[in-house]
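One structure is given here, and the rest of the page talks about it.
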Amino acid sequence: MDLSSINWLLLLASLMVAATPILLAAIGELVVEKAGVLNLGVEGMMIMGAVCGFIIAVETGSAPLGFVAAAAGGALLSMLFGVLTQFLMSNQVATGLALTLFGLGLSALMGQGYIGIKAPGIGKLDLGPLSDLPVLGTILFRHDAMVYVSIAIVIAVWAFLKFTRGGLILRAVGESHDAAHALGYNVIRVRLMAIAFGGGCAGLGGAYLSLVRVPSWTEGMTAGAGWIALAIVVFASWKAGRIIVGAYLFGGITVLQLNLQAAGAKIPVEVLSMSPYLITIIVLVVISADRKRAAHNAPADLGKSFHASH
Amino acid sequence: MIWLEKRPAPSRTWSAASPIVAVFLTLIAGGIMFAILGKNPFEALRTIFWDPLFHEQFASFSRPQLLVKAGPLILIAIGLSFGFRAGIWNIGAEGQYIMGAIVGAAVGLALYPSESVLIFPLMVVAGALGGWAWAMIPGLLKVRFGTNEILVSLMLVYVAENILASAAVGWLKNPDGAGFPGSRNLSQWEASANPELIAGTGAHWGVMAAVIAVVFAYVVFTKHILGFHIRLSGEAPRAARFAGVNPNLLVLVCLGLSGALAGLAGLFEVTGPAGQIGIDFNVGYGFTAIIVAFLGRLHPIGILLAGLLMALTYIGGELASFMLSIPGAAIQAFQGMLLFFLLGVDVATHYRVRFGRKGVA
Amino acid sequence: MSQTPLLDLSGLRKAYPGVVANDDVTFAIQPGEVHALLGENGAGKSTLVKMIYGLVRPDAGTMMLNGTPFAPPEPRAARAAGVAMVFQHFSLFEALSVAENVALGMENPPKPSALAARITEVSNTYGLPLDPNRRVGDLSAGERQRVEIIRCLLQDPRLLIMDEPTSVLTPQEVDILFATLRKLRAEGTAILYISHKLEEIRSLCDAATILRLGKVVARCNPREKTASELAELMVGTSLKPPKSGGAAPGDIILKAQDLSMPSASAFGTPLRNISFELRRGEVLGIGGVAGNGQDELLMALSGERKLPQGSLYFEGEDIGTRPADMRRRIGVLSAPEERLGHAAAPNMSLTENAALTAARRQGMLSRGFVNWGAAKGFAEKVIGAFDVRTPGPGVAARALSGGNLQKFVIGREVMQAPEVLIVNQPTWGVDAAAAAFIRQSMLDLAAKGTGVVVISQDLDELMEISDRFAALNEGRLSAEVPTGDLTMEKIGLMLGGAQTTAMEQA
């Protein structure tokens, strides 16, 4: 193996690109879970975003429009989950799984005519002198706009949850929907909005895969990214700031294993390609081993159905 | 205004009727989907649900396929129903299916070219153990560290797929295969073959195992204290602990059982219909079985019927793809839709739908 | 009175499927009045206050606030009109801070720093000190109630609704609360005080409205009535207090020795060095304010949680490491507080719920196979013997009323002829007739030689049925004292954790 053939600077730069889809999906799911809802359909919403974004971007020739469509597609699909779990009181685990299975099927169907096409590019942002900085310029400041948008979303979510009344209400609903209801808050409305936001973010993450990272459409191209996003929410102990850490850590591993494959490492390809999943498992184990802390941070009513009786 | 009112007790009628209503609604929605795809919806639905069984030309080929496809679905779904009833979510059956096939095949191939009659039984045991062991990973991690079994079992699917790939192109590759990926053909090696037992039905040993599993699950759920404890754990976890159920033990039993059954399904597939370990050996039975389990209301008889229905959509889908060039993905979306409708209709089991003014603001 | 009433209710009606919760309820609350709303569990008190607070809309009838029509569509509207409510089951968020909890109950909360200052100020004014930055999950039940009260007071309410406020307080804390409420009354705030504790009402309230089965059956000045007169108005008939069999206690049957157990959840209470002895034929009452380790103690004794060796003995045998079903086999039975979800599975039938604890002891199992016929027979036996009102054993547990399900749950254990029975809150949320029945059944059991442990937050209940009393405070258990020697004041000290000094003096 020739490690010197790996350009570590580019590796760090591509880390941010590799992490962005998961970062977007995970921050969306964080909001959903903070509201007390467990949506296991992230994978399905991501791939819907990937296919919607790709189709619109190809048809209109505009990648930004593609991203808008992706967010809309993800949010729309998430509303299916929202209606089923919030109004029809269906089991959240089962419905989330259904969302993933359905999303994979529907996206494959929608993307039939788009296999093998190249997506219109999104272009790098020119951050002027920042981009020209040595080392840091390459790593941090020569990316496309979505990389920065994703970070901005994380910061916005953090500030929203910490400082605003809306964020407080959202957290309250996730902690105890009965108490929130008793105080007169509309639990279902809050949760539906959170679910839609989560769907939109997952859609953006999916579109980032099909429009920037790959960039083309193939069936099932998310390859578990949505599930990893779910794992990162657990890793982050439901804290927005740590989502960035988790996503970039994961992005780093992905990029590193791809680089090792390219560099012809002596490790079998299969071992390298399974490594992100194995490492996710290990991280989950480490996080949940500290049981008390894990339980402390999880929203108390996560995954429970709410029905206002009398 | 429409609102829901909790029933004093779950409705038995709706519990049984909701899958039928869901299937009906899915047929309508599916018809609309086919119409949007520019196909005649009635022709499409007939091709999927009628022709595989009764078409004069194709039925003779596709009818046996019904049991071939239903066997693994039912076997896996029965296993899953144990955990799902207890609120233990093994969604990595696909991975356990793969590992069962690999371990079983590896044990068999290690003894190639012996003709001992013990080889097939040995492979069956190894297949079950392979799936069991793979399911024990999320089980033990959950028991020991409280790790979420949903995420771990799912991640292990991707790991298993990579192991499958490495087996197919590497350590299980057929040495006489002229360099093509894939293992020796197990269905053509008499000692390991899982043949059709009754000509023209498609019933192989896996189908027999599925039938046995259905009976076994039925007895456990209705008559045995284990089944009672499983249901109790799903309904009221605290009450289960109060009754003396050890939740950790239950996690291991449920995950182990579902893993072993998924592993068995994989073994019967690789020695029968699939014939060999190849890169594209797994076709998603482990995931579709989740739909089968729910559609069957986690009830053994329900799962039997749901498995047959799902198998029908598989072979009908293939037929529709061949005859009407309806893409295979449409069938996948169709299956997902079915699960959605079921979950939606299910509300009627626990709630009464009311119209009019509601008292609660 | 010529004064316009603060709140005037007339002809309020609210029906739910199968039950009329309120029927033609009419009464008025004057400004600056402490008005008691009295009634048994299920009399319709909660529904009535939910209508006033905007959580439930009446089917018929009108409400007037200060002479203007009042029909709040949601709690916010009620709060804006000056109606505040302290809930029986706290409407608090454990993972959030005191200040955040208060902010959630206000329409336009000030900035966090200003709010924290206001909380400190108001809480000190009313003698309810509270740190705004603490996490609510770490507070005691009494402190949590303060959060609720402060949340209300910050909005200068004209009417404060309090739903069973003293059920979670020690006698000393009750005194503090009453001082606060009297101060509020002096400032002109009206209080609607819901309770079934008659002595409290007699000492605090200016007027009382009594509800029975959703209807107003009496209005009176509680100071002019005796507690038993009020009780009779509330229940409709006079109830006889339970009779003890009067058997002399026998040998020690259950013994806890330095029993410690860590808490299972983040906000739970660990048990610390609990020791007690229980004799055959006696009732040991364990009192304590909610959240001081009652649930944990029941789980430790029932076998739901395993204990280290040498901490629990049954007839001299170490049973701490045995799981629940092994303890049942030798006759150590129990009934936890939470009926739905802990003692019984809500969606399962009474037959199945009978098998839940009785399967092994009643011989319903052979080689692991359940004899459902035997389970049904046993369920029917319990239903018959304990007068459980239900169409039959096939009915789901959640379809039963609280009192009937509690009778079933207690009956299920009593009918298995336990050697030791441990119950937690046996009559919580149960109507008076059922409560009396349950208490009598435990006394009868003790008379037959069973050792009974009653964990309860209802001190009157413990005084009535227990031979000896011990108090649970932050997971520690005081020494046991014969009930006859106790005064309310001494109990209050024991509950507050001052038991050792109090005992030494005694």
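No lab work stands behind these numbers, since they all come straight from the coordinates. This is a predicted model, so every value here is computed, not measured. FYI the Cβ positions are ideal-geometry reconstructions off the backbone, even for glycines, and counts take in every protein chain you see.
In this simple spin-label approximation, A:THR60 and A:ALA159 carry label points 7 Å from Cα along the Cα→Cβ vector, and these lie 2.7 nm apart. Given in Å, the Rg to one decimal and the Dmax to the nearest whole number for the Cα atoms of chain B are 21.5, 76.
Here the simple spin-label model places points 7 Å from the Cα toward Cβ, and for C:ARG223 and B:TRP171 these points are separated by 8.9 nm.
Which FRET efficiency value, to the nearest 0.05, is calculated for B:LEU53 and C:ASN108 with the Förster distance at 60 angstrom and r the Cβ-Cβ distance?
On the way: r = 67 Å, r/R0 = 1.12.
Once rounded, the FRET efficiency stands at 0.35.
Note on the stretch C:80-137: Cα-only Rg and Dmax are 11.5, 30 Å. Remark: the C:THR26-C:LYS243 segment gains 74.3 nm on full extension, using 0.36 nm per residue and subtracting the alpha carbon distance.
Cβ-Cβ distance of B:LEU249 and A:SER305, R₀ of 22 Å, FRET efficiency by 1/(1 + (r/R0)^6): the value works out to about 0.20. Give me Rg over Rh for the stretch A:214-265, both radii from the alpha carbons and Rh done the Kirkwood way, two decimal places. Radius of gyration over Kirkwood radius for the stretch A:214-265 works out to 1.06. Summing Cβ point charges (Lys, Arg +1; Asp, Glu -1) relative to the Cα centre of the protein assembly as shown gives a dipole of roughly 980 debye. Each residue in A:ILE47, C:ILE330, A:ILE153 was given a count of other beta-carbon atoms within 10 angstrom of its own, and listing them fewest first yields C:ILE330, A:ILE153, A:ILE47. Judged by the mean number of other Cβ atoms found within 10 Å, the most tightly packed of the peptides C:428-436, B:40-48 leads the ranking C:428-436, B:40-48. Other protein chain C-beta atoms within 10 Å of residue C-beta, averaged over A:183-193: 3. List the residues, sorted by chain then number, that are 5 or more residues from C:PHE469 or on another chain and whose placed amide H is less than 5 Å from its amide H. For C:PHE469, the qualifying residues are C:GLY285, C:VAL481, C:THR483.
Taken over chain C, the convex hull of the Cα atoms encloses 153 Å³ per residue. The ellipsoid equivalent to the alpha-carbon distribution of the stretch B:3-61 has semi-axes of 34, 17, 5 angstrom, derived from the gyration tensor eigenvalues as √(5λ) and listed largest first.
Which residues in the stretch C:281-301 place their backbone N less than 17 Å from a point set 7 Å from the Cα of C:ASP485 along the Cα-to-Cβ direction? Taking a point 7 Å out along Cα→Cβ of C:ASP485, the residues of the stretch C:281-301 whose backbone N falls under 17 Å are C:283-287.
If you plug the beta carbon distance of C:GLU380 and C:SER260 into 1/(1 + (r/R0)^6) with R0 = 45 Å, you get a FRET efficiency near 0.60.
Look at the dipole of the stretch B:38-326 built from charges on Cβ: of B:MET99, B:ALA239, B:ASN185, the Cα furthest out on the positive end belongs to B:ALA239.
The overall shape of the stretch C:7-235 is prolate: from the C-alpha gyration tensor, with semi-axes ordered a ≥ b ≥ c, the ratio a/c is 1.5 or greater and a/b exceeds b/c. Rounded to whole numbers, the Karplus 3J(HN,Hα) couplings from phi for the stretch C:133-139 are 8, 6, 7, 4, x, 8, 8 Hz, using 6.51 cos²θ - 1.76 cosθ + 1.60 with θ = phi - 60°, and x at Gly and Pro. Each residue in B:PHE281, B:PHE61, B:PHE355, C:PHE178 was given a count of other beta-carbon atoms within 10 angstrom of its own, and listing them fewest first yields B:PHE355, B:PHE61, C:PHE178, B:PHE281. Farthest towards the positive end of the charge dipole of the stretch B:38-326, among the residues B:PRO195, B:LEU261, B:PHE42, is the Cα of B:LEU261, using unit charges on the Cβ of Lys, Arg, Asp and Glu. Per-residue mean of foreign Cβ neighbours for A:227-235 is 3 (Cβ atoms of other chains, 10 Å radius). Legend: ranking of residues B:GLU269, C:GLU419 from fewest to most surrounding C-beta atoms inside 10 Å; resulting order C:GLU419, B:GLU269. Along the charge dipole of the protein assembly as shown, Cβ charges K/R +1 and D/E -1, which of A:ALA75, C:PRO418, B:SER116 sits furthest on the positive end? Farthest towards the positive end: A:ALA75. Take each residue of peptide B:227-239, count the partner chain Cβ atoms within 10 Å of its Cβ, and average: the result is 6.
In a DSSP loop and with at most 13 other Cβ atoms within 10 Å, the trypsin sites (Lys or Arg not before Pro) in the stretch C:342-377 are C:ARG367.
Placing unit charges on the Cβ atoms only, positive for Lys and Arg and negative for Asp and Glu, gives the stretch B:19-120 a dipole magnitude near 220 debye about its Cα centre. A crude spin-label estimate for the pair B:SER60 and C:LYS306, with each label 7 Å from Cα along the Cβ direction, gives 6.4 nm. Note on the protein assembly as shown: semi-axes of the ellipsoid equivalent to its C-alpha gyration tensor, largest first and rounded to whole Å, are 56, 37, 29.
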